[in-house]
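Enquirer: Got a structure for you, questions after.
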Amino acid sequence: MVAARANGRGNELITLDDVSKHYPNGTEALRDVDLRIESGDFVFLVGSSGAGKSTLIRLLIRDELPSSGRVWVDGQDVVRMRRSAVPKLRRRVGVVFQDFKLLPRRTVAENVGFALLVTGHSDEEAREETERALSLVGLAERRDHFPDQLSGGEQQRAAMARALVSRPKILIADEPTGNLDPVTSWEIIKLLIRVNELGTTLVMATHNAEIVNALRRRVVHLDRGMVVRDEREGLYAA
Ligand SMILES: Nc1ncnc2c1ncn2[C@@H]1O[C@H](COP(=O)(O)OP(=O)(O)OP(=O)(O)O)[C@@H](O)[C@H]1O
Ligand SMILES: [Mg+2]
């Protein structure tokens with residue numbers, strides 16, 4: 001059994017304790033990172049290219065393991081958890097990426113519902129949850145389209161529906177607006193705000209200073225693998 005964290009910090013959903021990450025080639029991507037994110041937070045992870053944002057995100061979904069330090073997500077020790085527990089972790093932590101990563105030969109609805117079907121939900125349950133997620137992102141009418149028939153913004157909304165279909169506690173977005181024009185970027189940001197307001201904890205890595213500075217949320221700034229600033233209602237001077 002993986003021990004739950006018994007520290008009394010009831011609302012803490014993500015905890016990194018003294019985390020460092022060296023890749024096998026010697027790159028030190030994270031150094032001595034301490035970070036606590038509470039349930040309901042909206043956190044921007046900023047910093048220049050190579051600062052370690054994506055590496056930190058990979059640790060949260062156990063795509064990578066830290067070289068040292070501890071990582072807890074939703075009360076679970078992500079480093080020591082069994083490999084068999086990883087799929088369950090990834091249902092509680094939805095992720096969207098800059099390049100959407102949709103399956104090209106599957107429709108929008110199939111992309112969204114796929115994870116539910118492979119984790120043993122009934123067809124009907126999967127259909128209902130898929131419709132709910134598509135409605136949430138405003139994409140119900142595109143349900144039978146293929147990804148290459150969608151605009152970039154629609155593809156990102158489909159990716160968000162896929163990430164949200166299992167009702168995760170945490171949604172992580174790694175540069176979700178990186179491939180989108182400014183107007184479409186704002187549509188995605190508004191949707192992320194809505195998802196956060198509905199109770200999902202949000203962590204978003206971005207270079208986009210305009211968005212960060214307009215929203216005035218918590219800003220965690222990484223520089224060469226270290227947290228150099230962590231401010232509520234923060235700004236980002238890129
Ligand atoms: N799989 C890997 N193997 C070796 N080095 C890696 C690997 N992934 C990332 N790195 C290195 O680790 C450092 C941090 O990379 P990371 O991708 O976390 O940065 P980032 O802040 O997400 O950058 P960007 O804004 O460009 O996405 C960089 O020096 C990068 O080259
Ligand atoms: Mg990155």
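The values are calculated or read from the model by the stated rules, or taken from the named source; none is laboratory data. Source: prediction; values computed, not measured. We place every Cβ from the backbone using ideal geometry, glycine too, and count neighbours over all the protein chains shown. Keep in mind that these areas ignore ligands, DNA and RNA; they rest on the heavy atoms of the full protein, side chains included. Shrake-Rupley method; radii C 1.70, N 1.55, O 1.52, S 1.80 Å.
Enquirer: Treat every Asp and Glu Cβ in region 12-231 as -1 and every Lys and Arg Cβ as +1, leave all other atoms uncharged, and give the resulting dipole magnitude about the Cα centre to the nearest 20 debye.
Expert: Charge dipole, region 12-231, about its Cα centre: 420 debye, nearest 20.
Enquirer: Calculate, in nm to one decimal, what Glu128 and Arg229 gain on full extension: separation in residues at 0.36 nm each, minus their alpha carbon distance.
Expert: Fully extending the segment from Glu128 to Arg229 adds 32.1 nm.
Enquirer: Continuing with this model, one more query. So what is the 222 nm mean residue ellipticity for the chain from helices alone, if each DSSP H run of at least 4 adds -39500 (n - 2.57) and you divide by all residues, rounding to the nearest 500 deg cm²/dmol?
Expert: -9500 deg cm²/dmol
Enquirer: Count the DSSP beta bridges whose two residues both fall in the chain, then state the antiparallel fraction as a percent rounded to the nearest 5.
Expert: Percent antiparallel among DSSP bridges in the chain is about 55.
Enquirer: Next up: Given the C-alpha centroids of region 59-105 and region 141-178, what is the distance between them in whole angstrom?
Expert: Measuring centre to centre over Cα atoms gives 18 Å.
Enquirer: Further, regarding this structure: Any idea of the accessible area per residue across the chain, 1.4 Å probe, to the nearest Å²?
Expert: 49 Å²
Enquirer: Give me log10 I(q)/I(0) at q = 0.15, 0.20 Å⁻¹ for region 65-178, Debye formula, one equal scatterer per alpha-carbon, no solvent.
Expert: Values, matching the q order: -0.67, -1.05.
Enquirer: Using the structure shown, list the pairs from Lys21/Lys101; Lys21/Lys53; Lys53/Lys101 with a Cα-Cα distance above 21 Å, or answer none.
Expert: From the list (Lys21/Lys101; Lys21/Lys53; Lys53/Lys101), the Cα-Cα distance tops 21 Å for Lys21/Lys101.
Enquirer: Beyond 27 Å, what share of the Cα-Cα pairs of the chain remains, rounded to the nearest whole percent? Intermediate results must be reported in sequence, preceding the final value.
Expert: Working: 9606 of 28203 pairs.
Roughly 34 percent, rounded to a whole number.
Enquirer: Hey, another quick one. Where the accessible area of region 89-238 is counted over protein heavy atoms with a 1.4 Å probe, how much of it, in %, is carbon and sulfur?
Expert: Answer for region 89-238: carbon and sulfur cover 48 percent of the accessible area.
Enquirer: Next question, about the same structure. Using θ = phi - 60° and the Karplus relation 6.51 cos²θ - 1.76 cosθ + 1.60, list the HN-Hα couplings for region 147-152 in order, rounded to whole Hz, with x at every Gly or Pro.
Expert: Result, ordered by residue: x, 6, 9, 10, 6, x Hz.
Enquirer: Give the lysines reachable from Lys88 as a straight Cα distance under 16 Å; neighbours fewer than 8 places away on the same chain don't count.
Expert: In chain and number order, the partners are Lys169.
Enquirer: Okay, moving on. Which of Leu117, Pro104, Ala85 sits farthest toward the positive end of the charge dipole of region 12-231, with +1 on the Cβ of Lys and Arg and -1 on the Cβ of Asp and Glu?
Expert: Selected residue: Ala85.
Enquirer: Tell me, what is the FRET efficiency for Ser20 and Arg216 to the nearest 0.05, using R0 = 45 angstrom and their Cβ-Cβ distance as r?
Expert: The formula returns an efficiency of 0.90 here.
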